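Novice: Take a look at this one; I'll ask things after.
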Amino acid sequence: MSKTRAALRAALSLVIYGEKMSALAKLIVQKEQLLARLEADPAPNEPAEIQALLAKIETALKLLEPQGAPLASGE
């Protein structure tokens, strides 16, 4: 493999890594906001909706999780 091609692959890996970290950060922020809503006297129908959203976020976090390195899920 040429040096240029190797450099391009390395750059692409960094971009993908950055996008993954950005997605992780957004999911974690959303999770924290939802947990705060659960603690703040939600309306009667809100807890079920929030729990459903939290379950989706947990699934997304697990899909983005590196093999053998669990993410902090707060559970």
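We did not get these values from a lab; they are worked out from the coordinates using the rules stated. Note that the structure is a prediction, hence the values are computed from the model and not measured. Here the Cβ positions follow ideal geometry from the backbone for every residue, glycine too, while neighbour counts run over all protein chains shown.
Novice: Using 0.36 nm times the number of residues separating Leu53 and Ile28, minus their current alpha carbon distance, what extension gain do you get?
Specialist: 7.8 nm
Novice: Counting C-alpha atoms alone, how compact is the chain: give Rg to one decimal and Dmax as a whole number, in angstrom.
Specialist: My reading of the Cα-based Rg and Dmax gives 17.5, 62 Å.
Novice: For a quick check: sort Lys3, Lys26 by the number of other beta carbons within 10 angstrom, fewest at the front.
Specialist: Lowest to highest Cβ neighbour count: Lys3, Lys26.
Novice: With θ set to phi - 60° and the Karplus curve 6.51 cos²θ - 1.76 cosθ + 1.60, what are the ³J(HN,Hα) couplings of the range 6-18 in order, to the nearest whole Hz, using x for Gly and Pro?
Specialist: Calculated HN-Hα couplings, in order: 5, 5, 5, 5, 5, 5, 5, 4, 5, 5, 4, 4, x Hz.
Novice: Here's something else I'd like to know. Mean-square fluctuation check for the chain, GNM, Cα pairs under 10 Å: which of Ala23, Ala60, Ala36 is largest?
Specialist: In this elastic network of the chain, the residue with the biggest mean-square fluctuation among Ala23, Ala60, Ala36 is Ala36.
Novice: List the lysines whose alpha-carbon lies under 26 Å from that of Lys62, not counting same-chain residues fewer than 8 positions away?
Specialist: Lys20, Lys26, Lys31
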